[in-house]
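Trainee: Below: one structure in structure tokens.
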Amino acid sequence: MEKIRFTERLVPFSLLLCFGLLVFLQSVQSVQCRPISAPQLPAYQALDVESLLRETVTAPGGVGETKRRRTPWSVQVVHRDAILHKHGANATASYERRLEEKLRRDALRVRGLERRIETTLGLKGSASSEQNVAEVDAEFGGEVVSGMDQGSGEYFTRIGVGTPTREQYMVLDTGSDVVWIQCEPCRECYSQSDPIFNPSFSASFSTIGCDSAVCSHLDAYDCHSGGCLYKQSYGDGSYSTGSFVTETLTFGSTTVGNVAIGCGHDNVGLFIGAAGLLGLGAGMLSFPAQIGTETSHAFSYCLVDRGSDSSSTLEFGPQSVPVGSIFAPLQKNTYFPAFYYVSLAAISVGGALLDSVPPDVFRIDETSGRGGFIIDSGTAVTRLETTAYNALRDAFVAGTSQLPRANGYSIFDTCYGLSGLQSVRVPTVGFHFSNGATLILQANNYLIPVDTMGTFCFAFAPTASGVSIMGNTQQQRIRVSFDSANSLVGFAPDQC
């Protein structure tokens, strides 16, 4: 990808940058913005159209080379398409078909999160997963395959379960806490790549009593013969129910015992091929919380590119946080303890802050629990509160007036026809946090190909729910770290 190089002579570069900002600001007179005084940001950056289009015609080729590991607590992270290809599923699906399915899964995921928020806050009556699927079906104008058939996981890892250890694929999810796997005897289970875990063959398997404090931390639990039962439901129609137990898990070269997990005997949906879900949320039952003493409550991951056959890592411990990361404050929302809220203060386009976005759009209302900005590994496309999205889109459109427009696609209303172009310049998009830190997104994090013919779309979408979500498309090629002990989230571009 072509990189913009800064000249060594400070004065000429400053003059050029100022001139570029003036040109850009003249083109966005209809959008309320103000230039950023510090830090000074590049107004534009290059998008390598040619290389991105080449990737759309190359099918995923399975799991490739693993990046270097920073800690003993380290496991692979791969995209679902690589595993589907490895096991023969979806191997011949076109780029367009894979993207369409991804956006439909994403719509179900987001709709489920919104319903969860609305129900918890008492804003609306609770909606069933079937209603969520029906709403997305109508929105997309065609049959939507729910989690029961396609699953909701985009990224997953492989860990060892039990003693002796048996490796299993697990969906990664920073939006939920409970770790669970499918277990024999299986009354209702979906298809997975490995044999279903049989606890009778594990020497480290142990049930949790119903009167245990751990059991009471579950959102939904019951008792049977003195044992703790759990039920974990997801907005796309997926769920898992069974016994809540302790078991030994193995991550890379590290083994940890007595981890509280769900042993699911009735399971529907989630990711076809995965054995279950690795809850990485901010709540008390998540895996990072359970091993916090050993890892200083820190972990990080890097998400590989969509359609890539390479892999990265999920790592735990203070060494997993790269030196030089851009740090932003983590916030707590007592209504939703499992979510990672980040203190986002503003967004910029082309080096100018969006003045038309009210300063409280991304704040958590401590009284009602509404609002805020969540980082979520399971959501694909970043959703912004409608006012913020409209301002962002309008500023971006004003700064790309020289690019040929194309019809909207799926949830994207701003698209461009870039066929035949090698590279284009697009306005820089930046996230600005309350502590003064700034994350500049790479151009291919927000302008993505939606077909093999050169149509690219602005990869953000609006939401009327009040809560904004940073999705995994905007997280790709960035090592994202969570330091709960110090209430910080870190961003380290190109540190995968």
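Trainee: Here's a check for you: in segment 363-412, which residue that is over 15 Å from residue 464 (Cα atoms) and of a type in the set (Asp, Glu) is modelled with the lowest pLDDT?
Mentor: 366
Trainee: Looking only at segment 397-433, filter to residues that are within 20 Å of residue 52 (Cα to Cα) and of a type in the set (Phe, Trp, Tyr); which one of those is surrounded by the most Cβ atoms within 10 Å (Cβ to Cβ)?
Mentor: The residue in question is 416.
Trainee: What number of residues within segment 361-374 are of a type outside the set (Lys, Arg), under 16 Å from residue 388 (Cβ atoms) and either in contact (Cβ under 8 Å) with a residue 24 or more places away in the chain or assigned to a strand (DSSP E or B) (or both)?
Mentor: Filtering segment 361-374 down to residues of a type outside the set (Lys, Arg) leaves 361-362, 364-369, 371-374.
If we keep only those that are under 16 Å from residue 388 (Cβ atoms) too, we end up with 361-362, 364-365, 371-374.
Right, trim to either in contact (Cβ under 8 Å) with a residue 24 or more places away in the chain or assigned to a strand (DSSP E or B) (or both) and you get 361-362, 364, 371-374.
Number satisfying all stated conditions: 7.
Trainee: Taking residue 200 as the residue in question, decide whether it is surrounded by 14 or more Cβ atoms within 10 Å (Cβ to Cβ) and among the small types (Gly, Ala, Ser).
Mentor: No.
Trainee: Which ones in segment 434-455 are touching a Ser or Thr at 6+ places or on another chain (Cβ under 8 Å), among the hydrophobic types (A, V, I, L, M, F, W, C) and open to solvent by 10 Å² or more (accessible area, probe 1.4 Å)?
Mentor: 440, 453
Trainee: Across segment 456-496, what is the total count of residues that are farther than 13 Å from residue 326 by Cα, modelled with pLDDT of 95 or more and open to solvent by 30 Å² or more (accessible area, probe 1.4 Å)?
Mentor: Number of matching residues: 5.
Trainee: So, one more: Going by the structure shown, is residue 283 of a type outside the set (S, T, N, Q) and either at positive phi or out of contact with any helix residue (DSSP H, G or I) (no Cβ under 7 Å at 6 or more places or on another chain) (or both)?
Mentor: Spelling it out, it is not the case that residue 283 is of a type outside the set (S, T, N, Q) and either at positive phi or out of contact with any helix residue (DSSP H, G or I) (no Cβ under 7 Å at 6 or more places or on another chain) (or both).
The values are calculated or read from the model by the stated rules, or taken from the named source; none is laboratory data. Given the structure is predicted, the values throughout are model-derived calculations rather than measurements. Heads up, the Cβs are rebuilt from the backbone with ideal geometry, glycines too, and the neighbour counts pull from every protein chain shown. In case anyone asks, the SASA skips ligands and DNA or RNA and just uses the protein heavy atoms, side chains included. Shrake-Rupley method; radii C 1.70, N 1.55, O 1.52, S 1.80 Å.
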